[in-house]
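Here's the structure, in structure tokens; my notes come after.
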Amino acid sequence: FAPLLDQVNRSVFNPELSQWAQSYTVLLILTDGAILDMQPTIDRIVEGSSHSLSIIIVGVGSADMSAMHALDADDKRLKASNGRSAARDIVQFVQFSECKNDGEALARRTLAELPAQMVEFFEAHGINPNPPRPAAPSAVVLESTPVSSMPNGSPPQAGLAHASPASAPMAPQMATAVPAGVNLAHAGKTILAQAYQL
């Protein structure tokens, strides 16, 4: 895992992070549980705990996942080989087999710690949520229809305007951010990782 986390730590390091330049990255790793560089991986996680980063690990298969539970470290902060402790908990591990037939449970467990991790990071840097961006208004053009052009010469109902077909009301267009490349496929015994920037 260490080479992957090296690259992620470099990409999320942001010395210009501020109230009006906020960013946060969520790294999703799908793994069969095998890890050959446990201490270097812990070192990189400890380094990443100071950055705007959370790591979600989903274990796929029936192999031993004890190393993944150790990386989760809910009860005790991870400690690097140089003696430095993690600034905060940034890892959430979920075993897919425990909720493979329940998509709602899988989503709930994988995202369970993410809100608190984000809040903890931004509070530590004195950054508050920015006000929501207003929705872009939809243009709806209404026009009155002359009585003479109404079917059977009947007037429109009082207090109602009639919209022309070309100006039918549309739902407001909300500004939403959808992570690109959402992919939960598992590729054999390799590690599949995807980063999402929020």
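The values are calculated or read from the model by the stated rules, or taken from the named source; none is laboratory data. These numbers come from a predicted model, not from an experiment. A quick note on method: Cβ atoms are made from the backbone with ideal geometry, for glycine too, and the neighbour counts reach across all protein chains shown. Remember, those area values only see protein heavy atoms, side chains included, never the ligands or the DNA or RNA. Shrake-Rupley method; radii C 1.70, N 1.55, O 1.52, S 1.80 Å.
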Item checked: Sole exception among (1) without any contact (Cβ under 8 Å) to a residue 40 or more places away in the chain; (2) within 12 Å of Val94 (Cα to Cα); (3) not β-branched (Val, Ile, Thr) for Leu28, by number -> (1)
Item checked: Asn14 vs. criteria assigned to a loop (DSSP other than H, G, I, E, B) and more than 29 Å from Asn130 (Cβ to Cβ) -> no
Margin query: Can you pull out every residue in the range 24-60 that is in a loop (DSSP other than H, G, I, E, B) and open to solvent by 20 Å² or more (accessible area, probe 1.4 Å)?
Written below: Asp32, Ala34, Ile35, Leu36, Asp37, Ser50, His51, Val60
Check: What pairs come up if the first residue lies in the range 1-21 and is under 20 Å from Arg44 (Cβ atoms), the second is open to solvent by 60 Å² or more (accessible area, probe 1.4 Å) and among the acidic types (Asp, Glu), and their beta carbons are under 9 Å apart, counting only those six or more places apart or on different chains?
Finding: Leu5/Glu47; Asp6/Glu47; Asn9/Glu47
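Look through the range 84-105, keep the residues that are open to solvent by 40 Å² or more (accessible area, probe 1.4 Å) and of a type in the set (Lys, Arg), and return whichever of them is nearest to Met118 (Cα to Cα).
Filtering first and then ranking leaves Arg84.
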Notebook entry, point to check: When you go through (1) small (Gly, Ala, Ser); (2) touching a strand residue (DSSP E or B) at 6+ places or on another chain (Cβ under 8 Å); (3) loosely packed, with under 12 Cβ neighbours inside 10 Å one by one for Ser81, which number turns out not to apply?
Noted result: (2)
Notebook entry, point to check: Does Met68 satisfy the criteria of being open to solvent by 40 Å² or more (accessible area, probe 1.4 Å) and without any contact (Cβ under 8 Å) to a residue 60 or more places away in the chain?
Noted result: no
Check: Which condition breaks for Arg88 when tested against (1) in a loop (DSSP other than H, G, I, E, B); (2) under 19 Å from Phe1 (Cα atoms); (3) within 20 Å of the chain's Cα centre (by Cα)?
Finding: (2)
Notebook entry, point to check: When you scan the range 107-142, how many residues do you find that are among the polar types (S, T, N, Q) and either open to solvent by 80 Å² or more (accessible area, probe 1.4 Å) or modelled with pLDDT under 85 (or both)?
Noted result: 2
Note to self: Is it the case, given these coordinates, that Ser81 is outside any helix (DSSP H, G or I) and in contact (Cβ under 8 Å) with a residue 60 or more places away in the chain?
What the structure shows: no
